[in-house]
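Chemist: I have a structure I would like to understand better, so I am pasting it below and will then ask my questions one at a time.
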Amino acid sequence: MIYGKINSLKMKSGRNTVCIILVFSLIVTFSSCMTTKNYYESPDTYNFETPSKITQIELNDGKVIDCDNKIIKFETDSDSVKYIVINSYVKGKEYKTYWFKKRIPVSDILKIHSEKSELNIRATILLCVGLAAIVALFVAISIGMHNMNFKMGH
């Protein structure tokens, strides 16, 4: 019964409008142009107030700490010494989780490797408008062919 109403001739323009809205929503949702950049900074120039995703920390002694799947926080001690706190965990037997905490003074850090994602708004808008124009062109062609076939049939 509902399918019959939706499929009726009265609802044809409504169905087409809903389809166009759904296609455009899908285009906008999945067509963002995102760029990911990897870079490194010294701890002196690193912005601890608005940090980006830290991938590695390189220490003065040459040791490199991989920061994937780790929780990183920034703390300042009572002596105004800045620390990077790395929290990691290991899953043990019987569903137990063991947490490890490592505090590294910022003075011991040579480089902080980070990853930053940026959204390219111009490219996203251009892509969405282009795809919407292509969809509109196909809809116009199909409506034109339908009207041509309808006129030829009568």
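Chemist: Residues that are loosely packed, with under 13 Cβ neighbours inside 10 Å and in contact with a Phe, Trp or Tyr (Cβ under 6 Å, 6 or more places away or on another chain): find the strands (runs of 3 or more DSSP E) completely inside the stretch 39-122 holding 1 or more of those. Show your work before the answer.
Modeler: Numbers: elements: 53-59, 64-66, 71-76, 82-91, 97-105, 109-119.
Per the criteria, 71-76, 82-91, 97-105.
Chemist: Further question on the same structure: What number of residues within the stretch 78-94 are out of contact with any Lys or Arg (no Cβ under 9 Å at 6 or more places or on another chain) and not hydrophobic (A, V, I, L, M, F, W, C)?
Modeler: Going residue by residue through the stretch 78-94, those that are out of contact with any Lys or Arg (no Cβ under 9 Å at 6 or more places or on another chain) are 78-82, 90-94.
From what is left, the residues that are not hydrophobic (A, V, I, L, M, F, W, C) are 78-80, 82, 91-94.
Residues flagged as out of contact with any Lys or Arg (no Cβ under 9 Å at 6 or more places or on another chain) and not hydrophobic (A, V, I, L, M, F, W, C) within the stretch 78-94 amount to 8.
Chemist: Starting from the stretch 52-81, take each residue that is farther than 15 Å from LYS102 by Cβ and list its partners that are assigned to a loop (DSSP other than H, G, I, E, B) and of a type outside the set (A, V, I, L, M, F, W, C), counting only C-beta distances under 8 angstrom and pairs at least six apart or across chains.
Modeler: Close Cβ pairs satisfying both conditions: THR55/ASP68.
Chemist: Let me ask something else about it. For the condition touching a helix residue (DSSP H, G or I) at 6+ places or on another chain (Cβ under 9 Å), free of Cβ contacts under 8 Å to residues at least 12 places away in the same chain and not acidic (Asp, Glu), what is the one hit in ILE134, ILE143, ILE84? Reasoning before the result, please.
Modeler: Working: ILE134 fails: touching a helix residue (DSSP H, G or I) at 6+ places or on another chain (Cβ under 9 Å); ILE84 fails: free of Cβ contacts under 8 Å to residues at least 12 places away in the same chain.
Being touching a helix residue (DSSP H, G or I) at 6+ places or on another chain (Cβ under 9 Å), free of Cβ contacts under 8 Å to residues at least 12 places away in the same chain and not acidic (Asp, Glu) holds for just one of ILE134, ILE143, ILE84, which is ILE143.
Chemist: Based on what the data block shows, is VAL18 at pLDDT below 85, farther than 14 Å from GLU115 by Cα and in contact with a helix residue (DSSP H, G or I) (Cβ under 7 Å, 6 or more places away or on another chain)? Walk me through it before giving the result.
Modeler: Values: at pLDDT below 85: yes; farther than 14 Å from GLU115 by Cα: yes; in contact with a helix residue (DSSP H, G or I) (Cβ under 7 Å, 6 or more places away or on another chain): no.
No, not satisfied.
Chemist: Suppose we keep only residues that are of a type outside the set (Phe, Trp, Tyr) and farther than 18 Å from THR36 by Cα within the stretch 47-61. Which one would you say is modelled with the lowest pLDDT?
Modeler: Out of the qualifying residues, it is GLU49.
Chemist: For the stretch 72-116, which positions are closer than 13 Å to ASP44 by Cα and basic (Lys, Arg)?
Modeler: Those that are closer than 13 Å to ASP44 by Cα and basic (Lys, Arg): LYS82, LYS111.
The values are calculated or read from the model by the stated rules, or taken from the named source; none is laboratory data. Please read all numbers here as calculations on a predicted model, not as lab measurements. Reconstructed Cβ throughout: ideal geometry from the backbone, glycine too, with neighbour counts over all protein chains shown.
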